[in-house]
1. Post the alpha-carbon centroid distance, the stretch 75-107 to the stretch 20-39, in whole angstrom.
2. Over the stretch 23-76, what portion of Cα pair distances is larger than 14 Å, expressed as a whole percent?
3. Once label points are set 7 Å from the Cα along Cα→Cβ at both residue 103 and residue 40, what is their separation, rounded to one decimal in nm?
4. In Å and whole numbers, how far do the C-alpha atoms of the stretch 59-107 stretch along each principal axis, longest first?
5. With a Förster radius of 22 Å, plug the Cβ-Cβ distance of residue 96 and residue 53 into 1/(1 + (r/R0)^6) and report the FRET value to the nearest 0.05.
6. Calculate the tail of P(r) for the stretch 13-108: the fraction of all Cα-Cα distances greater than 17 Å, expressed in %.
């Protein structure tokens, strides 16, 4: 089964799909430039990581001011993304849009 056929057959989720979520905790002293994040930082990540899908979130109520989820077809694809030679540029760019410390969650997409 081709990758496209598998995505159609499974509603877009492969049996081994991995989701990497990076979130930024909200707080009284936290600053976050959502426009820069969406227009510059996340596209930089997409170019380096090559995920199959990306979702950007703006926190409305709850513990996070923002988050992004990158979807990969496998754990190996996600590991390759994390080993990107652009990772230094990506991490160095964080100060351009927030003073919050990012936290990561890796999940297996089950449905």
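No lab work stands behind these numbers, since they all come straight from the coordinates. Since this is a predicted model, take the numbers as computed values, not measurements. Positions of Cβ are generated from backbone atoms using ideal geometry, with glycine treated the same way; all protein chains shown enter the neighbour counts.
1. Rounded to whole Å, the Cα centres lie 13 Å apart.
2. Counting pairs separated by more than 14 Å, the tail of P(r) holds 56 percent.
3. Going from the residue 103 label point to the residue 40 one covers 2.7 nm.
4. Cα spread of the stretch 59-107 along its principal axes, largest to smallest: 33, 24, 11 Å.
5. Efficiency at R0 = 22 Å is approximately 0.35.
6. Counting every Cα pair in the stretch 13-108, those more than 17 Å apart make up 49 percent.
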